Amino acid sequence: MHVLVTGSAGHLGEALVRVLRANGHQPFGIDLKSSPFTDDVGSIADRPFVKRSLSHAHAVLHAATLHKPHVATHSRQAFVDTNITGTLNLLEEAASAGVDAFIYTSTTSVFGHAARPAAGAPAAWITEDVVPEPRNIYGITKLTAERLCELFHRTRKLPCIVLRTSRFFPEADDDKATRESYDDTNAKVNELLYRRADIEDVVGAHVLALERAASIQFARYIVSATTPFTRADLRELHTNAPAVVSRRVPEYESVYASLGWSMFPTIDRVYVNDRARTELGWTPRYDFARAIELLGKGSPARSTLAQAVGSKGYHAETFNDGPYPVEPERSA
């Protein structure tokens, strides 16, 4: 299958191209940056470029985006140009070309305020039925692009699947307090409990979405590691997360003690992947329990694919306060 992969120089784009090549498909990668996984350099905001890129495609994996770490360095217009106009260009040309599937990489960031319960409230149980409440221009543009996908399914009969992925980046955390309080791998393994996925599993969800798009037609799925928690855990999670984790994955205590690691004191939300596992047949391999098993054997807690793709960074420049800028959102 000829598959157009947008954002092919990025984390997910590179991983998608690697796996598609290995599985006998013919990916065509596009990105603003050249890379060994990019076949043509250009912007998805450029409609003629998009049209050329789609000339032989049977399907689209749309992973290109401006991300949350760009909010302080890029204007709101830049987010609109890339995340909305770029997606619209791809949808228009994909529908005209009659592609078999359009898979859009969205984000759990669209849930925004809905994933931040008030003090004293239980942690939030986030499924696809929760109404998104974006917190910034990133979340707003990703949600708008999702709705464009739904519009093109309804009006142009384009088979479209939206994957709301949780964190899978290998870079340092964007929160300064987390960076200063936890070893980086410690923090990322903690997040596998409720808000992170391994890139191998994220790619697997995209490949399944390609295969199932024709029969599913349109759907949104949360793509996050399988949580060990249940709804019954939510109140205590928001006040004493270590106690809940000890009950659900007791093996973690000895492994963490050997590494000098610690669990987050509270967890405010849990992303639930039940629908993706049921409807897509997705079986993610990397969750918190698997990470504990691997760490206990002295092995890395992430997949070989994640290690091969490595870190990309989000900015060419460095900042006084760490890997991410701390200035407020730009207005122009």
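Coordinate-derived values only; no laboratory data. Small disclaimer: the values here were computed from a predicted structure and weren't measured. Here Cβ is always computed from backbone atoms with ideal geometry, including for glycine, and neighbour counts include all displayed protein chains.
Note on the range 119-195: Rg/Rh from Cα positions, Kirkwood definition for Rh, rounded to two decimals, is 1.06.
Taking a ≥ b ≥ c as the square roots of the Cα gyration tensor eigenvalues, with a/c under 1.5 meaning rounded and otherwise prolate when a/b beats b/c, else oblate, which class fits the range 1-142? Because a/c hits 1.5 or more and a/b exceeds b/c, the range 1-142 counts as prolate. For the chain: lysine pairs with Cα atoms under 27 Å, gap of 8 or more or different chains, count? Counting lysine pairs in the chain gives 18. For A121 and R156, a Förster radius of 56 Å and the Cβ-Cβ distance give a FRET efficiency of 0.85, rounded to the nearest 0.05. Length gained on full extension, A257 to D184: 24.7 nm, using 0.36 nm per residue less the C-alpha separation. Other residues with beta-carbon under 14 Å from the beta-carbon of E211 carry, at +1 per Lys or Arg and -1 per Asp or Glu, a net charge of -1.
Which one, V272, A22, A219, projects farthest toward the positive side of the charge dipole computed for the chain from Cβ point charges (K/R +1, D/E -1)? Value computed over the given set: A219. Compactness of the range 152-278, taken as the C-alpha radius of gyration over 2.2 N^0.38 Å, stands at 1.24. Seen through its C-alpha gyration tensor, with square-root eigenvalues sorted a ≥ b ≥ c, the range 222-307 comes out oblate because a/c lies at 1.5 or above while a/b is not bigger than b/c. The residues neighbouring R220, those whose beta-carbon lies less than 15 Å from its own, together hold a net charge of +1 under the Lys/Arg +1, Asp/Glu -1 convention. Potential lengthening of the chain between R21 and A177 amounts to 52.2 nm, from the contour at 0.36 nm per residue minus the alpha-carbon distance.
In this structure the amide hydrogen of A101, modeled in the peptide plane, comes within under 5 Å of the amide hydrogens of V60, none closer than 5 places in sequence on its chain. The Rg/Rh ratio for the range 21-100 is 0.99, where Rg is the radius of gyration of the alpha carbons and Rh is the Kirkwood radius. Taking label points 7 Å from Cα along the Cα-to-Cβ direction, R52 and R147 give a separation of 3.4 nm. Of the peptides 292-300, 73-81, 11-19, the order by per-residue mean of other Cβ atoms within 10 Å, starting with the highest, comes out as 11-19, 73-81, 292-300.
A simple charge model with +1 on the Cβ of Lys and Arg, -1 on the Cβ of Asp and Glu and nothing else charged puts the dipole of the range 155-210 at about 560 debye relative to its Cα centre. Take the alpha carbon gyration tensor of the range 1-64, find the square roots of its eigenvalues, order them as a ≥ b ≥ c, and report rounded if a/c is under 1.5; if not, report prolate when a/b exceeds b/c, else oblate. Note, shape of the range 1-64 comes out oblate. Summarised in one figure, the compactness ratio Rg/Rh of the chain, Cα atoms and Kirkwood Rh, is 0.96.
Neighbours of D233, meaning other residues whose beta-carbon lies under 10 angstrom from its beta-carbon, give a summed charge of +3 when Lys and Arg score +1 and Asp and Glu score -1.
Around the Cα centre of the range 127-167, unit charges on the Cβ atoms of Lys, Arg, Asp and Glu (plus for the first two, minus for the last two) sum to a dipole of about 200 debye.
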